[in-house]
1. Within segment 134-155, name every residue whose backbone N is under 18 Å away from a label modeled 7 Å from Cα of residue 93 along the Cβ vector.
2. What distance in nm separates the two pseudo spin-label positions at residue 142 and residue 39, each 7 Å out from Cα along the beta-carbon direction?
3. Order these peptides, 120-127, 61-68, 145-152, by their mean beta-carbon neighbour count within 10 angstrom, highest first.
4. Going Cα to Cα from residue 126, which aspartates and glutamates come in below 14 Å? Please leave out same-chain ones fewer than 8 positions away.
5. What are the ³J(HN,Hα) values, in whole Hz, obtained from phi via the Karplus relation 6.51 cos²θ - 1.76 cosθ + 1.60 with θ = phi - 60°, for each residue of segment 124-137 in sequence order, with x given for Gly and Pro?
Amino acid sequence: MRHLKYLLLFIIAFSINGCSVYNFTGTGKIDAKTFQVNYFQNNAPLIEPGIERVFTQKLQNLIQNQTNLNLVSNGGDLIYEGEIVDYRISPTTATADQLAAESRLTITVNVRFSNKNKEADSFEKKFNFFYNFPGTEQLVGSRLTAALDEIFERITQDIFNESLAKW
């Protein structure tokens with residue numbers, strides 16, 4: 001009976017210790033306390049006004065919601081910076097009349113990530129994603145907002161995974 005008590009105590013202690021390194025976002029242990037997201041300039045050949053502000057805010061919100069890091073305006077342990085380098089609308093399929101049956105919006109963001117505490121984790125990489133829509137429609141208003149939400153959700157999650165989750 002006494003050995004069973006020690007065995008049970010050992011199993012509980014091991015289980016609790018094993019869970020301390022991981023969290024629900026899959027980031028593991030982050031050796032940082034602060035992060036900063038510098039303003040992402042829109043350097044794409046085709047400019048859609050305001051998307052740089054939306055992207056910057058979405059990246060800040062994602063990191064704040066999925067980690068316990070504090071957002072700072074300068075001197076962060078983790079620094080995200082870069083620019084939107086491509087905003088492109090192109091036809092993906094055509095009708096018999098040589099008209100676009102479906103079009104695709106593709107956005108590419110170049111990201112420079114710096115980890116002051118672990119330089120080996122720093123990188124510069126391009127991330128992109130797309131949104132398909134009917135070729136007979138214009139990408140304006142609520143349709144544009146929905147497209148940007150979908151694209152930026154995927155790109156920001158990919159950036160998060162690359163920089164903190166290591167997926």
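Quick note: the coordinates plus some simple rules give every number you see, no bench work behind them. Since the structure is predicted, the reported quantities are computational estimates derived from the model, not experimental observations. Please note: Cβ atoms are built from the backbone with ideal geometry, for glycine as well, and neighbour counts cover all protein chains shown.
1. 134-138
2. Label at residue 142, label at residue 39, 3.1 nm between them.
3. Peptide ranking by packing, descending: 145-152, 61-68, 120-127.
4. 81, 83, 86, 158, 162
5. In residue order, the calculated couplings are 10, 7, 9, 10, 9, 7, 9, 9, 8, 8, x, x, 7, 10 Hz.
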